[in-house]
Structure formats: structure tokens, C-alpha cells
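Trainee: Take a look at this one; I'll ask things after.
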Amino acid sequence: MSITEAPAGKSVGHSLRRKEDPRLITGRASYIDDIALPGMLYMAVVRSTEAHANVVSIDTSSALGRPGIKAVYTGADMSDLLAPLPMAWAPPGVEIKTPERWPLARGHVAHVGEAVAMVIGDDRYGVVDAAEHVAVEYEPLAVVVDVEQALEDEILVHESLGTNKAHEWTMGGGGDIEQALADSEVVVERRIVNHRTAGAAIEPRGVIAEYRAGGLTVWSSTQVPHLVRLFFAVQMGISEDKVRVIAPEVGGGFGGKLQIMAEETLCAWASKQLGRPVKWIETRSENMAVSHHGRDQVDYVRMGATRDGRITAFHANIIQDLGAYFGLLTPMIPELGAFVMTGCYKIPVVRTDITGVLTNKFFTDAIRGAGRPEMTHMLEVMIDQLAEELEMDAIELRRKNFIPAADFPYETPYGITYDSGNYEAALDRALEIVDLDAFRAEQASLRSQGILRGIGFSTYTEICGLAPSRAVGPSGFGLGIGLYESAIVRVHPTGSVTVYTGASPHGQGHETGFAQIVADRFGVDPAVVEVVHGDTAQGPMGLGTYGSRSLSIGGVACAHAAEKIAQKCREIVAHNLEANPEDIELRNGKFSLKGDPDQGMTLGEVAGCAYIDATNMPEGMELGLEQTLIYDPSNFVFPFGTHVCVVDVDAETGKVRVVRWVAVDDCGPAVNPMLIDGQVHGGVTHGIGQALYEQVVYDERGQLITGTFLDYALPTAEEIPSFETDRTETKSPSNSLGVKGIGEAGTIAATPAVVNAVIDALRHEGISYIDMPLTPMRVWQALEEARGRGDGPRATEQGVSLPPQGEGSAGSGPTRPEGGAA
Amino acid sequence: MIPGEFDYVVAGSVDEAIGLLAEGGADAKLLAGGHSLLPLMKLRFAHPSLLVDIGRISELRGVDTGDDSFRIGAATRHADLQVRDDMGLIATAAKQIADQQVRNRGTIGGSLANGDSAADLPGVLLALEGSVTVRSRDGERVIEAQDMFQGYLSTAVMPGEVITEVRIPALTGYGYGYEKFNRRSEDWAMVGVSALVKASGGVCEDVRIGLTHMASTPLRASAAEDALRGKPLDAENIAAAAQLAAEGTSPLGDLNASPEYKRHLAQVLTKRALTTASAA
């Protein structure tokens, strides 16, 4: 990866070093736990040890008597809250049974880790000690953990709802799915489990709230500071002008901080009671238990085709494990995937049936990709399954069904309009890099040495750039608020620039990429363009960072605001040069006269006119160079590409190792190629993690087994290959920069590539499918079954009784030692 | 991830540590590298009242190389051992403990005192037939490896005793192999196998096999050893011996490995470790 210097005014397209990095890598960044306020108190949360129970009593007296403890509150104390925690999706015409979720339980707990009390004191250690002295008496209730068992409604997660089935949602297009499948020459069916994962940001969540003089300031490790402010106004009845929310440096989110957190309310409410700031920093154990999880679907999938490989029908029946409550978007997640159900292919008849089901586990919500990885997994795995059934090369099957480049913009049977695409080009480029003939020769030679090498492809497209409001907002898909993004571009009197964005980065590199976009519109060095974010007191309403939306919405907002100012600059320069504004162009860092580039003004000189001299301006023009702008695009964007995974499977142990990864992504013209590479590296790692290593597991009693990084196996650098990335560039007509998102693409593409590669390695053994995660034991069990021994892979589902945990180690080491530990 | 309240004191010498430990009572614990104890404290699974820090006692750190043995100070770090290729098997195993940050802190004495059957060094000590020297107010005694590991996280080290030294034989003339199986490189062993083979004219004169995480304590694969001893060291005999590697074991199942899978792994890894050891 080369880091390049860029000529003035032409920084876009160059891999400028990240402006964020010096402070981050020298430890000078200020994360939430680095912030301390005078008089600050600390909060610890008492969390349910039961997966399902009535709370009979809570005795706080012993905890209150401990040194330094200021208060202990339970749900009964917080009756003045005006609203429960929000779920922001109300699709027109769909009934959703929403269980009320309060920051502290009100007599009933429905998952392990549910908050039942908070302890406030003047010492961080003391509150944790005191929390152990809050005596909670539970009356345990029957627990339902398995999502398909929950669907039977024999055990209800919330008695008051009368059912665990929270909602049903159906979308169909192109005709009757049953008829289309019946008419298909070949139908392939699979039950695919897409298991529960964690976001596992390296910085856990954290909050500081300070209520003072009728106003509330909240620092939160969040992806959505403006939404948090909006919610506080609703929930605590404080007008928005009196609420300020600040997202300081945020150490990763992955969707886990796209949430209105119970702990935000707890800190704010407690601060109001006690008149002092209150801080809460999530522990890693809490993060694993009560930062929302992702995925967790059981999918029944059918794909129909003609014998010669034309896909004729595709049906997905998705059973979504919602967990015990709803976060901000919980029931909406699988629906987001449905929008790209047909992927890169022309599939005439499609249907998606989604059933949302409550269980006694923590809630699922958006984790990197949110619905799209699950849907892409189904589709891309099924393509390989179909190819095997048809005895056809899986790449040829893909090509045969690709939407041709000439057909864009392309409307899918669901009425979604893909903006642009050239799937063949990305696949061709990937194949050039891979050299499939050489691979097959190598595969054969390694097989004779007991190494089972396999290759897997995933040709994906996804929907991102979440906006436009008319499509996703209250009158469209039913989100509680339109999705757009704001920007302020402010040129200072000497020609440096401050940009405020309503996007809220937490690792992405907006400070660099957005600075490049703005700098080029003024012919200045990105070094003098400062990008500010994450503070509701500094900029207008913004929607935050998630769904690969920042560049194509927020970045475009910055571009448009800068372009408006640049136009004003041209008018000011024209006035000074006694020329027409149309004759002024940006050249070599100056707004100069066409044909006579020596005549012109730099941005600093223009700013001098607008702010300092303040007299030599065109007649009637307002002073200053500043623009506020809110951008709402006309359509989504649809990035696409081809990912290729090569794995080695140890034939004796079943262990899978990823040995090569080729990613060719198309997210439109690159603003900063290095930032794209970084997102692809992280995104693919996230997907490899799910495919091979990571799984959140609850046992049949609803206890979380994978509560630490010992057991929740995040891959490390040692497990991940060096990535080979490349790009094609197909402009999006959805925005003036032609850009698409890239933050989730790797994650969306990756899991089927891994599964397809493992199956490619094992097909000669008679294995055609294994559910993720492809752990060594599961692969070995599949091999044993294929060799006529054993019952096959252990089930993936939650709530299956496991061998005794007490002394064993789940993953790596002893996590629940009995006596004599240490 | 916030431990309960405890007292902390730094010991300047082994004798001082012994005194502090004795005065601290039943809930006093020694702290060396802290890579087993501190995580348990942060998870609030362990609640020591007093930590006696022995990590800065210089007499406890370092390796004395003798003619036919090595004397390893109890507070010697894994990172010190991983670079000692002259020490053979133990250096190879030390290289594979967790990750470098852990190896920079973790100590051999701490690992053996913790007695985790999933940890690397207990099984290695067993295969090497080394010993552990402990000291208390009552004096010094030596615990042979075969007597050291008594149950799940339970060793022959008594309350009030401090491990001062670990002795391992040089085993000149032995080839060795170490096979560790885990999901991620930094994980504990799902199963691990240490193998030492002494060959004479292509025949196995002696063989020792240590098994990691195949029961609540590390074990020797005696049946496999007996099957190979005295036999020509060819692939067939090695494979036949390895088939017996799980005899007499009682592995515990967990999320990632059933007992059946662990027995299978023990066989595969024993074959591999013996093959490496025989080739040396």
C-alpha cells in the first residue's frame, strides 16, 4: 500500500495518511474513560443472574451501607420516565408486538444480564463491590432459548404479549413463488443457520452524564449522538436546546453503538437525582452479555433453476431470533437483507418470509452488515449448492445469471433500483489475480499430502448509503426518522477550513476523507481542513455513522456545501478581477481567470475579502464563507464485487486455515484508497471471524457460555491471511461524487466465500454443506459422518445441552474453575 | 473486570515471601506473572485477601545450566525460555504459550503452581520427568513431576510453600516433538502432546509422552509409550503406538471439543509429535 502525496486541489483518489492516526497511535486520543469531571460519581449495574424470572424483592440496604455509596436505585424508583427505551421501526401495515424495555427491570427479567438495580458511589471499585451486596430474590420462570422451540409458544418470554411471535413480514415479487418452484426443473433446498455473533468493539461502551442547572450533557461512546439527544428530549422531557450529547473518541462500534443505551438513561437520571456527574464504563464481561448481538437466524431456503443453469425462483423463510427485547432496530434487521435478496442475479420470482421470535436471550440488532450478510450468505452458498446439483461450474453459473452491465439502472422484482454495476468486470479481475488453473493443479498436489485445499467465491452486491428519507423514513419503509446527513463548511478569515459533519466516525477515517473532498473544492491542502464531529452543540441534526452511509451521504453533504462556497468564491474573485464568474476556474490552488492563470486569488485571499476587508464584495452578497447543508439523496447505493477465499483443511483434525484472500470491490471512485483497503481488511476479518471462529452461545438455561474473549473466539492477526485487494470503479448515479459505501462490504461478502471454499476442499469426501462456524470439531464430525462414522456435526442452535462446563474450557481455558483456583 | 479489595506487598526475598505468605493466612496468594490469577480476580472468581508479589526477586529468575540438567528459577518468564533452543522441548513449548505479551509476563513457577491441565508446561514437565523444589518455614523439599499434579487446578504444593526452582534433565540424545492443537494460536491447548524419543540403531530405546488437557491433570500416555519402546521407529509402529494415546485418559467435553474429538486429537497429535521426535 503506497502512501502518496497529492498535488494541490487534487487530493481525492490518493492514499493520504490518516489525520486521526498521530493522536491515536501515540495514546493522546481522549476516549470516554479518559474523561473525568469534578465531583464525578461512578455507577455499577446489578444484572440478572436469571434468564427468566419474576423479581420478588430487591434489598439494597446492605449495599447502601457500604463506604462511599451515595444511592442505590431500582426500577420502581424511575417511574418518572416518560417513555421506555425506543424501537424505531413502524412499518406501515405490519403489526409488531413490542415488549416494553425499561432501563431497570420492572418486576420481571427476561434475559441474563438484564439490569435490575444501579449503585452509585464515589469510587469505581467501591460501586462494583457494593453491587455484589444488592440482594435480589428471583422467582425463576421457564426459559426458552431455541428460536424454533420459542415459536411453539409453550413458554412465553413476555406473558403479556400472549405469544413469542413478535411480527411477520413478507415481500414477494415477480409472481407466485410456489408455482415458480413447482415449474423449476431443479430445486435445491437447505436449512442454513446463521449463528449469533457479537460486535466486540475493542472499546466497550461508556457514558458520563452531567445534569446541571436544568441542562443535560452526556458523553457517550456512541455512533449516533444526535439520536441520543433526540431521545433524551422525549424520555426525560428536557427540551433539546438544553441537551448536549458528545461522542468523544470512539474505539469501534460495528453497529454495537448504534443504539439508545439503557445505561445512558441510568447515568442521566441518576445525575439529575444526585446533582453530580455520573460515569459508567462497561466491562468486557458486560459487553459480551449486554451489548447487542447480531445475526441469529434459522433460514429455510429454496432455489429453483432450469437444468442449463438459469435461476428461476428463490425463496427464503427466515426465522429471526430477536432475543428478549427490542433495541433501536431489532425486528428490522432481516428485512434490510431482503432488499438485496436477488444479489447480482436476474431472478424472476422471489419471496422473503420473515418471522421475528422472542427468546430469553439478549436482543439482536444491527452488527456490521445487518441483515445483508445473512441474506448474501444464503444466496451465495445456495449458488454453489445449485452448481453442485447441476454439475456445473459455480463461476459459470454466476456469470450466466449476472445482471448484465448494460441493464443498469436495474429494477429488481422487489421494485428496488440498483444504481449501477459491472459484476463481470469485478469477477474477471479477481480471476486474473487468482489464476484458477494454477490453483486446481496445486489443489490436486496438496491433496496427496493430506492437505485439503479449497477455493470459494462470493460475488455480492449490497444496499447501503442509508437514506433516502422518502424510501426509509416514516412514510416509506417505516423508520421513525428520515435518513439524511448534515454538514457545515466554514472557511476562516485566513483561508483554513472547519467542517462539521453529522456523521459520527469511530475508526473510519472521516477526518481524512472528508477533508480531501472539501480541500479539493477550494484548491487547498487537506491539512488545513479540520473535520469536527460527534458534538450536538457544534453542528446541526445529523444521523450518525452506520450502514456504510457516511461517505455517500455525509461526504456528499460536505461536497455540496463546499461547492456552494466555491461558487461564492468565484463570484467574489470575478468581482475583484472585473470578470464573469463563469470565467473563474480552480487551478493550481487558485481561483483564477480562464486563459490567464496568473490572475486569481487563493482561498485565503477570498476569505480576506469576505471577512477582513469586508467591503469589496459583489453588490448584495452577504459577508462570510460558510454553508450549512442537509443532503438527502435520490436513491441508495449498491456496492458490489468478488471475493475469493482459499482454505486449507487438515484432513485429520478438521482445522480450517484461510491461506489466501482476494477481494475486488467496487465502491465507485476512491476518495482515499488506503481507507478502502482498511475497511476491506477489517470487514473480511469480521466475516472470517463468523465463518470459522466466533459464536455467542447460551446454554439451555439461558446462561451465556461465551462471556469472555477466552470463549468468544475473535480471530487474531495470526489467524488472518495477508489480503490481496483490488478495485474496479463504477460510478453511482445516486450522488454527485459517484461514490458508494465500503464499511460493510467485506463482512457481507466474506462468510459464503469461506463456506464455499471449505466445501470445495471437502466435496470429494462426500460433504456438500456444513453450517458455520466451521470449527475444527464440526468439520471433523462432518468428515467422520462422510466416512461412515458418527452422527455428523453437532447442531449449531442455541440452547442445546452441552457437556459439563464446570471444569471444562470453552474454547481455550478454564473459565469457571471450582475451588482452589489461583 | 474489576477485582474485589485486596492487600498487596512486594517481597524482597524468598524468605520474606515465605514469612508474608504464612502471616497472610489461608487467603494469601503469591503473585508472579499474574496471568492466571489476575484474570480470575477480575472475573471475581478468585478473592485473595493478600497478594505477595515475588516477581521482583532476582534469585528466582534465570537458568543454571548443569552437565545433565537445567535449574530454572521459578519466576523465570516464558519469554526467557522460548529463546533457549539448547533446552529443547521446554523451549519449543514455551514459544507456543499464548502470545508474546503473555510470555513476557508469565512464569514457569506460576504455570506449574496453577496446575492447569490445559496449560503447556505441566504436560512438558511430566514428559521430561522433571521436578519442582519448594520452600516453606519447615524447610525445602522436592516434588517429582509425577507427584505434582493431583487434580483439577490442584497440585502437591502445600499452603505456605513457595516454588523456588524447577529442574529438568538435559536428556542428551533424545529427540523431541511438541504438538499443540487449538482454535486460535493464543488459546490454551484443546489437546497437546509432548514426545521425547531416544533411538539407537533405528530402534526406540526410550520414549516419553506427555498429554495436555486429556484429563483434569496432565497425563503420560503410558500405553503408547509401552507399545513403541523397543520397536523400530518406523511409520507403522509410530502410528500403532499413537492409536493407544488416549488409553486411560478422561478428557472433559466443552463447547469446542467433545471427549471423543479430544481422544481423536490425542492420537493424531501423538503420531505427529513422535514422528518429529524420531526424525531428530
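Trainee: In segment B:44-61, which residue that is surrounded by 20 or more Cβ atoms within 10 Å (Cβ to Cβ) and more than 16 Å from B:G12 (Cα to Cα) is nearest to the other protein chains (Cβ to nearest Cβ)?
Mentor: Here the residue is B:A46.
Trainee: Can you tell which of B:V166, B:V197, B:V162 is buried (at least 23 other Cβ atoms within 10 Å of the Cβ), over 17 Å from B:T92 (Cβ atoms) and away from chain A (no Cβ under 12 Å)? Spell out the reasoning first.
Mentor: On the way: B:V166 fails: over 17 Å from B:T92 (Cβ atoms); B:V197 fails: over 17 Å from B:T92 (Cβ atoms).
Going through B:V166, B:V197, B:V162 in turn, just one is buried (at least 23 other Cβ atoms within 10 Å of the Cβ), over 17 Å from B:T92 (Cβ atoms) and away from chain A (no Cβ under 12 Å): B:V162.
Trainee: With the condition kept exactly as written, say whether any residue in segment A:409-418 is in contact (Cβ under 8 Å) with a residue 12 or more places away in the chain, over 30 Å from B:R272 (Cβ atoms) and in contact with a helix residue (DSSP H, G or I) (Cβ under 8 Å, 6 or more places away or on another chain). So that I can check it myself, show each step before the final result.
Mentor: Restricting attention to segment A:409-418, the residues satisfying the condition of being in contact (Cβ under 8 Å) with a residue 12 or more places away in the chain are A:409, A:412-418.
Checking the rest, the ones that are also over 30 Å from B:R272 (Cβ atoms) come to A:409, A:412-418.
Still in the list and also in contact with a helix residue (DSSP H, G or I) (Cβ under 8 Å, 6 or more places away or on another chain): A:414.
Yes, because at least one residue in segment A:409-418 is in contact (Cβ under 8 Å) with a residue 12 or more places away in the chain, over 30 Å from B:R272 (Cβ atoms) and in contact with a helix residue (DSSP H, G or I) (Cβ under 8 Å, 6 or more places away or on another chain).
Trainee: Just to be sure, is B:A215 part of a loop (DSSP other than H, G, I, E, B), surrounded by fewer than 23 Cβ atoms within 10 Å (Cβ to Cβ) and within 13 Å of chain A (Cβ to nearest Cβ)?
Mentor: Values: part of a loop (DSSP other than H, G, I, E, B): yes; surrounded by fewer than 23 Cβ atoms within 10 Å (Cβ to Cβ): yes; within 13 Å of chain A (Cβ to nearest Cβ): yes.
Here the answer is yes, as B:A215 does meet what is asked.
Trainee: Moving to a separate point now. Working carefully through the options B:D27, B:D64, find the one that is within 14 Å of chain A (Cβ to nearest Cβ), over 23 Å from A:S285 (Cα atoms) and either free of Cβ contacts under 8 Å to residues at least 12 places away in the same chain or of a type outside the set (A, V, I, L, M) (or both).
Mentor: Details: B:D64 fails: within 14 Å of chain A (Cβ to nearest Cβ).
After applying the criteria, what remains is B:D27.
Trainee: Take residues that are under 23 Å from A:C267 (Cβ atoms) and at pLDDT 95 or above and tell me which of the helices (runs of 4 or more DSSP H) falling wholly in segment A:54-153 contain 1 or more.
Mentor: On the way: elements: A:61-64, A:124-131, A:147-150.
By residue number, A:61-64, A:124-131.
Trainee: Can you pull out the residues in segment A:278-296 that are within 10 Å of chain B (Cβ to nearest Cβ) and within 15 Å of A:G255 (Cα to Cα)?
Mentor: Restricting attention to segment A:278-296, the residues satisfying the condition of being within 10 Å of chain B (Cβ to nearest Cβ) are A:281-287.
Once the filter is applied, which keeps residues that are within 10 Å of chain B (Cβ to nearest Cβ) and within 15 Å of A:G255 (Cα to Cα), segment A:278-296 yields only A:N287.
Trainee: Only one residue in B:V142, B:V102 is under 22 Å from B:L40 (Cα atoms), outside the structural domain of B:G34 (by TED's automatic domain parsing) and not small (G, A, S). Which one?
Mentor: Numbers: B:V142 fails: under 22 Å from B:L40 (Cα atoms).
One residue alone meets the criteria, B:V102.
Trainee: So which residues in segment B:232-265 are over 18 Å from B:T276 (Cβ atoms), assigned to a loop (DSSP other than H, G, I, E, B), of a type outside the set (G, A, S) and away from chain A (no Cβ under 11 Å)? Walk me through it before giving the result.
Mentor: Step one: of segment B:232-265, the residues over 18 Å from B:T276 (Cβ atoms) are B:244, B:246-264.
Add one more test, that the residue is assigned to a loop (DSSP other than H, G, I, E, B), and what stays is B:244, B:246-258.
Narrowing the set further to residues that are of a type outside the set (G, A, S) leaves B:244, B:247, B:249, B:251-252, B:254-256.
If the condition is that a residue be over 18 Å from B:T276 (Cβ atoms), assigned to a loop (DSSP other than H, G, I, E, B), of a type outside the set (G, A, S) and away from chain A (no Cβ under 11 Å), then B:L244, B:E247, B:T249 are the ones that fit.
Trainee: Which one of the conditions (1) within 26 Å of A:I260 (Cα to Cα); (2) surrounded by fewer than 22 Cβ atoms within 10 Å (Cβ to Cβ) does A:V45 fail to meet, given that it meets all the rest?
Mentor: Evaluating A:V45 over (1) within 26 Å of A:I260 (Cα to Cα); (2) surrounded by fewer than 22 Cβ atoms within 10 Å (Cβ to Cβ) leaves (2) as the failure.
Trainee: Looking at segment A:735-774, which of its residues are within 30 Å of A:A562 (Cβ to Cβ), open to solvent by less than 10 Å² (accessible area, probe 1.4 Å) and assigned to a loop (DSSP other than H, G, I, E, B)? Explain how you work it out, then say what you get.
Mentor: Quick first cut of segment A:735-774, residues within 30 Å of A:A562 (Cβ to Cβ) only: A:735-746.
Those left that are additionally open to solvent by less than 10 Å² (accessible area, probe 1.4 Å): A:738-741, A:745-746.
A:G738, A:V739, A:K740, A:G741, listed by residue number.
Trainee: Restricting the search to segment B:108-120, which residues are part of a helix (DSSP H, G or I) and either more than 16 Å from B:R77 (Cα to Cα) or away from every other protein chain (no Cβ under 14 Å) (or both)? Break it down into steps so the answer makes sense when it comes.
Mentor: So the first thing to find is which residues in segment B:108-120 are part of a helix (DSSP H, G or I), and the list is B:108-114, B:120.
Within segment B:108-120, just B:I108 meets the criteria.
Trainee: Between a first residue in segment A:419-438 that is among the acidic types (D, E) and a second residue that is in a helix (DSSP H, G or I) and open to solvent by less than 60 Å² (accessible area, probe 1.4 Å), which pairs have beta carbons less than 8 Å apart while being 6 or more apart in sequence or on different chains?
Mentor: If the second residue must be in a helix (DSSP H, G or I) and open to solvent by less than 60 Å² (accessible area, probe 1.4 Å), the pairs left are A:E424/A:R399; A:E424/A:A405.
Trainee: Still on this structure, I have one more. May I ask you to list pairs of residues, at least six apart or on different chains, whose Cβ atoms are under 8 Å apart, with the first in segment A:261-277 being among the basic types (K, R) and the second being in a loop (DSSP other than H, G, I, E, B)?
Mentor: A:R276/A:G39; A:R276/A:M40
Trainee: When you scan segment B:13-34, how many residues do you find that are assigned to a helix (DSSP H, G or I) and either open to solvent by less than 60 Å² (accessible area, probe 1.4 Å) or not charged (D, E, K, R) (or both)? So that I can check it myself, show each step before the final result.
Mentor: Going residue by residue through segment B:13-34, those that are assigned to a helix (DSSP H, G or I) are B:14-24.
Within this subset, residues satisfying the condition of being either open to solvent by less than 60 Å² (accessible area, probe 1.4 Å) or not charged (D, E, K, R) (or both) are B:14, B:17-22, B:24.
Residues meeting the conditions: 8.
Trainee: If B:N182 meets every condition in (1) within 16 Å of the chain's Cα centre (by Cα); (2) facing chain A (nearest Cβ under 10 Å) apart from one, which number is that one?
Mentor: (1)
Trainee: Separate question: Looking at this structure, is B:L252 free of Cβ contacts under 8 Å to residues at least 60 places away in the same chain, farther than 22 Å from A:G450 by Cα and surrounded by 20 or more Cβ atoms within 10 Å (Cβ to Cβ)?
Mentor: Values: free of Cβ contacts under 8 Å to residues at least 60 places away in the same chain: yes; farther than 22 Å from A:G450 by Cα: yes; surrounded by 20 or more Cβ atoms within 10 Å (Cβ to Cβ): yes.
Taking the combined requirement at face value, the residue satisfies it.
Trainee: Identify, from the list A:L431, A:L436, A:L427, A:L446, the residue that is buried (at least 22 other Cβ atoms within 10 Å of the Cβ) and either in contact with a strand residue (DSSP E or B) (Cβ under 8 Å, 6 or more places away or on another chain) or not charged (D, E, K, R) (or both).
Mentor: On the way: A:L431 fails: buried (at least 22 other Cβ atoms within 10 Å of the Cβ); A:L436 fails: buried (at least 22 other Cβ atoms within 10 Å of the Cβ); A:L446 fails: buried (at least 22 other Cβ atoms within 10 Å of the Cβ).
Step by step, each of A:L431, A:L436, A:L427, A:L446 is checked, and only A:L427 is buried (at least 22 other Cβ atoms within 10 Å of the Cβ) and either in contact with a strand residue (DSSP E or B) (Cβ under 8 Å, 6 or more places away or on another chain) or not charged (D, E, K, R) (or both).
Trainee: Still on this structure, I have one more. Kindly indicate whether any position in segment A:720-741 is within 14 Å of chain B (Cβ to nearest Cβ) and in contact (Cβ under 8 Å) with a residue 12 or more places away in the chain. Write out each step before concluding.
Mentor: So in segment A:720-741, the residues within 14 Å of chain B (Cβ to nearest Cβ) come out as A:720-721.
With the extra rule that they be in contact (Cβ under 8 Å) with a residue 12 or more places away in the chain, the set shrinks to A:720-721.
Yes, segment A:720-741 contains a residue that is within 14 Å of chain B (Cβ to nearest Cβ) and in contact (Cβ under 8 Å) with a residue 12 or more places away in the chain.
Trainee: Considering each of B:D147, B:D138 in turn, give the residue that is open to solvent by 10 Å² or more (accessible area, probe 1.4 Å), over 16 Å from the mean Cα position of the chain (by Cα) and free of Cβ contacts under 8 Å to residues at least 40 places away in the same chain. Break it down into steps so the answer makes sense when it comes.
Mentor: On the way: B:D147 fails: over 16 Å from the mean Cα position of the chain (by Cα).
Selected residue: B:D138, the only one of B:D147, B:D138 that is open to solvent by 10 Å² or more (accessible area, probe 1.4 Å), over 16 Å from the mean Cα position of the chain (by Cα) and free of Cβ contacts under 8 Å to residues at least 40 places away in the same chain.
The values are calculated or read from the model by the stated rules, or taken from the named source; none is laboratory data. Bear in mind that the values here come from a model prediction, so they are computed numbers and not experimental data. Cβ atoms come from the backbone with ideal geometry, glycine included; neighbour counts cover every protein chain shown. When the accessible area is computed, the model is the full protein with side chains, heavy atoms only, and any ligands, DNA or RNA have been set aside. Shrake-Rupley method; radii C 1.70, N 1.55, O 1.52, S 1.80 Å.
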